[in-house]
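Written below as structure tokens is the structure these notes are about.
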Amino acid sequence: MSQFTYEYADRSEKLETYEWDNVWWEHARTTGVPRVLYIGDSISCGTRPQANRLAEGKLFFDGFGTSKAVDNPFFGESLKLFAAQEGERSVILFNNGLHGFHLSDEGEYAACYEEMVVFLRKEFPETPIFLLLSTHVKDPIRDQRVIARNKAVTAIGEKYALPVVDLYSLTKENAHLLAPDGVHWIEEGYIKIARELLDRVKEAIR
């Protein structure tokens with residue numbers, strides 16, 4: 001079994017068949033280098049190593065990847081524990097949209113996502129936060145749900161004056177780089193995502 005899972009069918013249950021967290025602290029003993037806390041799903045886990053490679057040690061991407069939906073009551077507590085270990089960060093990247101399909105898109109998902117944004121702003125008041133739109137998926141019905149969720153995220157970004165990074169358009173334009181499962185990406189796809197994020201982070205920490 002893959003270390004990451006994705007459920008293609010919509011379900012009413014709050015938990016998926018398999019739930020997972022994947023945390024990564026890049027060069028943990030190294031200080032004095034800007035750090036990015038990248039919160040996301042398996043897409044973030046595929047992107048983070050490429051971002052670190054492209055950054056060439058000038059900044060580090062730490063990762064909190066999870067299958068947790070935005071309504072999971074343990075999401076915030078789990079994140080706080082990892083962030084306490086990480087200690088310092090210069091930028092936060094936040095994405096959550098390809099899990100938790102028991103939530104209605106414009107209603108429940110949007111409300112819970114906004115609660116997470118409020119949580120992040122409270123926990124990390126001095127750290128710039130970027131909201132990342134979820135990436136394109138091959139299945140047209142599920143992709144429409146992704147689009148609806150991204151619309152909600154964009155509105156939340158505008159409400160809180162937070163920058164939004166459009167990874168959906170980037171990946172839609174490069175759909176030929178999708179992996180056979182129609183959700184994840186081949187290496188070149190992750191490199192494109194990583195390069196976009198690295199550019200945005202560099203702008204933020206100048």
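Can you go through V70, V117 and tell me which one is of a type in the set (V, I, T) and more than 16 Å from D41 (Cβ to Cβ)?
V117
Table: residues versus (1) loosely packed, with under 15 Cβ neighbours inside 10 Å; (2) farther than 16 Å from Q50 by Cβ.
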residue	(1), (2)
E158	yes, yes
Y168	no, yes
L177	no, no
I191	no, no
D199	yes, no
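Restricting to region 120-146, give me the number of residues that are assigned to a helix (DSSP H, G or I), under 20 Å from L98 (Cα atoms) and either touching a Ser or Thr at 6+ places or on another chain (Cβ under 9 Å) or not aliphatic (A, V, I, L, M) (or both).
Of the residues in region 120-146, 7 are assigned to a helix (DSSP H, G or I), under 20 Å from L98 (Cα atoms) and either touching a Ser or Thr at 6+ places or on another chain (Cβ under 9 Å) or not aliphatic (A, V, I, L, M) (or both).
Taking region 128-146, which residues are β-branched (V, I, T) and free of Cβ contacts under 8 Å to residues at least 40 places away in the same chain?
Scanning region 128-146 gives I129, I141.
Residues of region 162-206 being more than 16 Å from N95 (Cα to Cα) and of a type in the set (A, V, I, L, M), which ones?
A175, L177, L178, A179, I186, I191, A204, I205
Can you tell me which residue in region 26-66 is surrounded by the fewest Cβ atoms within 10 Å (Cβ to Cβ), limited to those that are in a helix (DSSP H, G or I) and among the β-branched types (V, I, T)?
First, pick out the residues of region 26-66 that are in a helix (DSSP H, G or I): 42-55.
If we keep only those that are among the β-branched types (V, I, T) as well, we get 43, 47.
Numbers: I43: 25, T47: 31.
Per the stated criteria, the residue is I43.
Does region 167-196 hold any residues that are among the acidic types (D, E) and touching a helix residue (DSSP H, G or I) at 6+ places or on another chain (Cβ under 8 Å), and which are they?
Listed by number, the residues that qualify are E187, E188, E196.
Is it true that some residue in region 133-141 is surrounded by 15 or more Cβ atoms within 10 Å (Cβ to Cβ) and farther than 29 Å from K58 by Cβ?
Yes; the residues of region 133-141 include at least one that is surrounded by 15 or more Cβ atoms within 10 Å (Cβ to Cβ) and farther than 29 Å from K58 by Cβ.
Laboratory data are not the source of any read-out in this text; all were calculated from the coordinates shown. Bear in mind that the values here come from a model prediction, so they are computed numbers and not experimental data. All Cβ positions, glycine included, derive from the backbone under ideal geometry; neighbour counts span all protein chains shown.
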